[in-house]
Amino acid sequence: VQLQACGGGSVQTGGSLRLSCVASGGTFSRHGVGWFRLAPGKEREFVAAISRSGISTYYADSVRGRFTISRDNAENTVSLQMNSLKPEDTAVYYCAADRSFGRPLVAGEYDYWGQGTQVTVSS
């Protein structure tokens, strides 16, 4: 499975962005998908994840209520709608896919990773 993340950009505090993760080369609906982010000087951080069917979703406490993850298996796409953005959301965001999806919050469990897209939130 190849993943392509896009949709990043620069916004001011309180703004919104919508990230997309487009998959190719495999059966996307058989994979749970997660978003992680990496900020300068910090460790990689779990952001959100969604199960194969889209029924189950998971969020980091820092983004719950502001971010929404969704998927369209017909389009092989997972989206991350990010609202009320804060400067601390600034990071490179990566999408990842995991067939087993046993521990969706754990980066090491994911089998495939996209290349990342930069999100910058200015105050």
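The values are calculated or read from the model by the stated rules, or taken from the named source; none is laboratory data. All figures in this text were calculated on a predicted structure; none of them were measured in a lab. Note that each Cβ is placed from the backbone with ideal geometry, even for glycine, and that neighbours are counted across all protein chains shown. Note: areas computed on protein heavy atoms with side chains; ligands, DNA, RNA excluded. Shrake-Rupley method; radii C 1.70, N 1.55, O 1.52, S 1.80 Å.
So, with a 1.4 angstrom probe, what is the percent of accessible area on the stretch 84-123 that is carbon and sulfur? The partial results should precede the final answer.
Working: 920 of 1900 Å².
Roughly 48 percent of what the probe reaches on the stretch 84-123 is carbon or sulfur.
Determine the gain in length on full extension of the stretch residue 4-residue 61; use 0.36 nm per residue of separation and subtract their C-alpha separation, reporting nm with one decimal. Write down the numbers at each step before the final one.
On the way: separation 57, 0.36 × 57 = 20.52 nm, distance 2.56 nm.
So the chain would gain 18.0 nm between residue 4 and residue 61.
Taking 0.36 nm per intervening residue step and subtracting the Cα-Cα distance, what contour gain separates residue 70 from residue 84 on full extension? Provide the component values of the computation, followed by the final result.
Details: separation 14, 0.36 × 14 = 5.04 nm, distance 1.76 nm.
Going from the current span to full extension adds 3.3 nm.
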- Neighbourhood charge, 9 Å Cβ-Cβ cut-off, centred on residue 94 and excluding it, Lys, Arg +1 and Asp, Glu -1: +2
- Please compute the net charge surrounding residue 111, taking Lys and Arg as +1 and Asp and Glu as -1 over other residues with Cβ under 12 Å from its Cβ. 0
- Surface accessible to a 1.4 Å probe, per residue, for the residues of the chain, Å²: 49 Å²
- Message: Just to confirm my understanding: which cysteines in the chain have no other cysteine beta carbon less than 4.7 Å from their beta carbon?
- Response: 6
- Run the dipole for the stretch 21-107 about the Cα centre, Lys and Arg Cβ at +1, Asp and Glu Cβ at -1, nothing else charged, and hand back the magnitude in debye, nearest 20. 160 debye
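Starting from 0.36 nm per residue, how many nanometres of slack lie between residue 111 and residue 27 once their C-alpha separation is accounted for? Kindly include the intermediate steps, with their values, before the conclusion.
On the way: separation 84, 0.36 × 84 = 30.24 nm, distance 1.35 nm.
Fully extending the segment from residue 111 to residue 27 adds 28.9 nm.
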